[in-house]
1. I need a count of the residues in the stretch B:51-98 that are surrounded by 12 or more Cβ atoms within 10 Å (Cβ to Cβ), of a type in the set (A, V, I, L, M) and more than 33 Å from the chain's Cα centre (by Cα).
2. Does A:Val396 satisfy the criteria of being more than 14 Å from the chain's Cα centre (by Cα), β-branched (Val, Ile, Thr) and over 30 Å from B:Val164 (Cα atoms)?
3. Under the condition of being away from chain A (no Cβ under 14 Å) and assigned to a helix (DSSP H, G or I), which residue from the stretch B:186-204 is nearest to B:Pro424 (Cα to Cα)?
4. Which residues, counting only those in the stretch A:396-412, are within 10 Å of chain B (Cβ to nearest Cβ) and without any contact (Cβ under 8 Å) to a residue 60 or more places away in the chain?
5. Could you tell me whether the stretch A:244-260 includes any residue that is in contact with a Gly (Cβ under 7 Å, 6 or more places away or on another chain) and without any contact (Cβ under 8 Å) to a residue 24 or more places away in the chain?
6. Which numbered condition trips up A:Ala211, out of (1) free of Cβ contacts under 8 Å to residues at least 12 places away in the same chain; (2) more than 13 Å from every other protein chain (Cβ to nearest Cβ)?
7. If I go through the stretch A:311-339 residue by residue, how many of them are within 12 Å of chain B (Cβ to nearest Cβ) and surrounded by fewer than 21 Cβ atoms within 10 Å (Cβ to Cβ)?
8. Kindly indicate the residue of the stretch B:266-295 that is free of Cβ contacts under 8 Å to residues at least 24 places away in the same chain and of a type in the set (Gly, Ala, Ser) and also surrounded by the fewest Cβ atoms within 10 Å (Cβ to Cβ) among those meeting that condition.
Amino acid sequence: MTDIAADSFSITSSDARARNARALDSSRLRARYGAEKRFRVYGAAAIVFGLVFLAWLFGSLVIQGTGAFRQTQIRVAVELDAGELGLSGTPDREALEKAEYQAALRASLRKTLGVGSDRGERRDAYALLSNGADLEIRSRVLADPSLVGKTINLWLTAGADVDTMLKGNISRDVPENKRRVNNRQIAWLDKLAADGRVGRHFNANLFTKGASSDAELAGMGVAIVGSLYMMVVVLLVALPIGVAAAVYLEEFAPRNRWTDVIEVNINNLAAVPSIVFGLLGLAIFLNVFGMPRSAPVVGGLVLALMTLPVVIIATRAAIKAVPPSIREAALGVGASRMQVITHHVLPLAMPGILTGTIIGMARALGETAPLLLVGMVAFVVSQPATPFDPATALPVQIYMWAGASERAFVERTSAAILILLAFLITMNATAVILRRKFERRW
Amino acid sequence: MSLSMTLTVIVALALAGFFAGRARALMVVQGRAQELHSRPQYYGWVVALTAALPALALLALWSVGHDSVIDGMVRGGLPADVRALPTDKLGLILTTIDNLAHGRAVAGEVPDYARAAAARSTSLVATSRWIAFALCVALAIGGFLVAYRTVAPPMRARNTVERVMLSALMACSAIAVLTTVGIVFSMLFETLHFFSLVSPLDFFFGTVWDPRFAAAGSNDSAGQFGLLPLLWGTIFISLIAMLVAVPVGLMSAIYLSEYASRAVRAWVKPLLEILAGIPTVVYGFFAVTTLGPLFRDIGGGLGLDISATSALTAGVVMGVMIIPFVSSLSDDIINAVPQSLRDGSYALGATHSETIRRVVFPAALPGIVGSVLLATSRAIGETMIVVMAAGIAAKLTVNPFDSVTTVTVKIVSQLTGDLEFNSPQTLVAFALGLTLFVVTLGLNVYALYIVRKYREQYD
């Protein structure tokens with residue numbers, strides 16, 4: 001600024017030079033105002049860039065992902081002929097469980113489509129339906145054994161390729177040899193659609209099933225349960241330990257070198273890359289303690305260690321916000337320091353503590369990298385009964401599906417991301433509401 | 001007798017101790033609680049704690065020691081010729097015995113002595129659990145009785161309970177330190193193991209990364225573990241990310257704190273911060289399915305060869321993720337510059353943007369540099385985006401359109417296979433992890449140092 005000031009004061013009294021300077025000034029002023037305007041535009045552009053990217057990200061996820069919440073199904077009139085099912089007499093439950101549903105389904109499908117004995121034609125016909133379609137029939141029959149011998153109209157899950165094509169994710173204009181659904185199958189599908197036998201229904205598999213190499217049978221069920229277990233472990237480990245540590249540091253710790261070390265430590269832990277916590281989990285929990293691989297309890301412990309600094313920092317802030325007058329009043333009526341904290345300070349700090357914990361847990365829920373190292377990348381088909389059984393987690397399932405090559409998995413990955421984001425938004429919204437509702441100004 | 005059963009019994013005894021102790025405290029003063037030194041529940045707590053704590057400590061010790069003792073006994077019971085086998089074969093047999101004892105499937109022929117050892121191991125485990133149960137419960141009952149008998153009006157129960165609570169609080173705050181110690185030591189230990197197999201010079205100054213996964217385990221698989229290509233990939237991608245994040249983040253921070261109206265600020269700031277809350281795996285997926293193909297197509301149109309997984313894609317997406325870190329930290333710092341500096345500048349005739357560029361920005365610079373360094377350390381440690389979008393080929397290249405790989409990618413890829421745990425292929429991940437830890441820690445400490453050292457003290 002100093003040279004600008006010097007410039008403007010060095011104008012002499014000469015008229016000509018003054019006029020000259022004025023002309024110069026006005027053009028310089030224009031330039032300066034231009035720079036001002038440009039600067040402002042840069043700022044606005046930066047914000048627009050960020051917001052456009054955010055909108056693009058969400059938009060593309062919603063566009064790609066919403067389709068996966070509905071699954072194409074084909075209505076087939078299934079003849080549950082006892083002979084075809086391999087049943088005789090009045091079958092008991094075991095016989096019903098082992099019956100030949102696939103044979104019955106295939107026979108009915110051939111009849112519906114009018115397929116002859118050509119093997120290629122038959123294979124194409126069978127490929128229209130999912131590999132798991134016979135299990136859907138089985139569960140119906142097991143629920144109601146009197147269906148044997150009758151013909152029932154059932155909506156059965158279509159194969160992933162059929163599903164992808166009917167949703168328009170693969171164009172019909174692609175040459176036949178580059179398509180996974182051939183012309184014969186398309187002709188059948190058109191005919192079935194004309195008969196009202198093709199429809200889209202809510203995709204319950206997406207929320208209940210576990211891993212599967214067939215996209216139409218793959219679901220987030222195991223991942224949701226696994227993530228739930230991990231969040232419970234995080235809550236049970238990080239909240240009590242974090243609150244206790246914060247209470248000690250804030251209320252009892254003497255100011256000395258040791259507490260300084262702890263303090264610096266906690267701040268640095270919050271900035272350690274998450275994958276390093278994965279290495280810690282692998283080296284300590286799996287190799288030293290011999291805990292099971294792929295178990296949500298190990299993943300939960302690793303995430304709990306990651307969340308611990310967040311809880312400690314939030315709790316300390318919340319405790320600091322409780323005014324000293326409350327402490328002094330309690331001490332004045334004869335409470336011990338421990339009683340002051342457990343009876344007065346902690347209850348008043350609770351909303352702040354919970355808000356911090358929920359935000360920390362939301363971050364832990366979206367964390368993937370450390371879980372990869374403790375073996376949560378696993379192909380788990382059945383629901384884990386306890387936190388010690390193998391499971392996956394929501395973000396890990398997303399990572400695994402993102403690596404799958406079938407086109408049908410792209411849609412499902414986006415849907416899985418939408419589910420994860422829904423969980424995260426719910427948690428963060430809870431935290432915000434909690435803060436708004438219980439925030440107190442002293 | 002299972003562990004959980006023992007635990008349940010101890011907890012039940014402690015619970016009983018609480019109620020018994022409280023009742024006894026009230027009983028000895030005939031219900032006149034004011035004659036007690038402490039409130040009645042503190043006497044309950046004393047009884048409960050004396051019952052539970054020693055028993056729990058014994059149980060914990062037992063659980064830690066139990067496996068290795070039984071292991072030693074089973075091993076000692078094996079025939080002498082089996083015990084004389086080389087370590088790797090013996091290890092195989094011990095694994096078989098372990099699997100048999102836990103009822104897991106065992107492949108191949110099982111020798112008789114292994115079956116016998118498995119049976120012995122099972123019976124030893126059962127005996128050990130019974131002994132543990134008996135000892136712990138006896139200890140709990142003993143503690144219960146001793147404490148119960150000492151309950152008397154002058155007993156300073158509250159002080160005892162509070163001392164125990166205070167030590168528990170201290171222990172909890174030590175866990176935060178223990179975590180760091182655990183991180184450092186677990187990685188240091190494995191890293192030293194790795195350096196006993198591969199020379200540190202080859203690791204830190206090697207320019208070729210070729211761990212030879214396929215031949216892992218066999219003796220002729222030397223493999224080359226040069227850190228430099230990975231480090232370069234990390235730095236390169238972080239550089240691209242910072243080229244996106246610093247201008248955008250800084251300009252949005254300036255706009256929000258200097259130009260934007262209150263309403264705009266209230267809406268835009270949280271929206272931008274969503275970018276930091278989105279899980280990184282989501283960014284990775286977006287980079288792979290949307291941005292990568294887009295860049296490839298644009299590059300194809302311009303005659304450039306951009307691979308689908310490139311440093312550019314990963315860097316740009318990572319940069320977007322980091323925008324909120326830069327912007328919210330800078331925002332705070334810009335807001336901390338006192339208004340008097342701005343007013344002085346306006347009074348000299350400077351325009352708004354001149355004031356920002358020549359007064360506010362220099363005053364805020366140390367803080368901004370600090371925030372940029374913190375954001376850089378975040379970029380270096382970021383894993384999922386690069387795992388999904390940057391590729392796996394370790395190359396020393398300056399072409400942003402080529403795929404490069406990073407330290408974090410290799411940590412993940414070295415540890416997600418089924419590898420034996422003492423091969424250099426696996427151990428190198430810990431050396432990489434330690435390098436990463438040291439680099440990010442150094443950046444964080446340096447950032448804090450800069451902020452502290454150059455901070456302008458106003459008022």
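The values are calculated or read from the model by the stated rules, or taken from the named source; none is laboratory data. Everything numeric in this text was worked out from a predicted model, so none of it was measured. Neighbour counts are summed over all protein chains in view; Cβ atoms, including those assigned to glycine, are modelled from backbone coordinates with ideal geometry.
1. Residues meeting the conditions: 9.
2. no
3. Result: B:Leu197.
4. Of everything in the stretch A:396-412, those that are within 10 Å of chain B (Cβ to nearest Cβ) and without any contact (Cβ under 8 Å) to a residue 60 or more places away in the chain turn out to be A:Ile398, A:Tyr399, A:Ala402, A:Gly403.
5. Looking through the stretch A:244-260, none of the residues is in contact with a Gly (Cβ under 7 Å, 6 or more places away or on another chain) and without any contact (Cβ under 8 Å) to a residue 24 or more places away in the chain.
6. Unmet for A:Ala211, out of (1) free of Cβ contacts under 8 Å to residues at least 12 places away in the same chain; (2) more than 13 Å from every other protein chain (Cβ to nearest Cβ): (1).
7. Total meeting the criteria: 7.
8. B:Ala266
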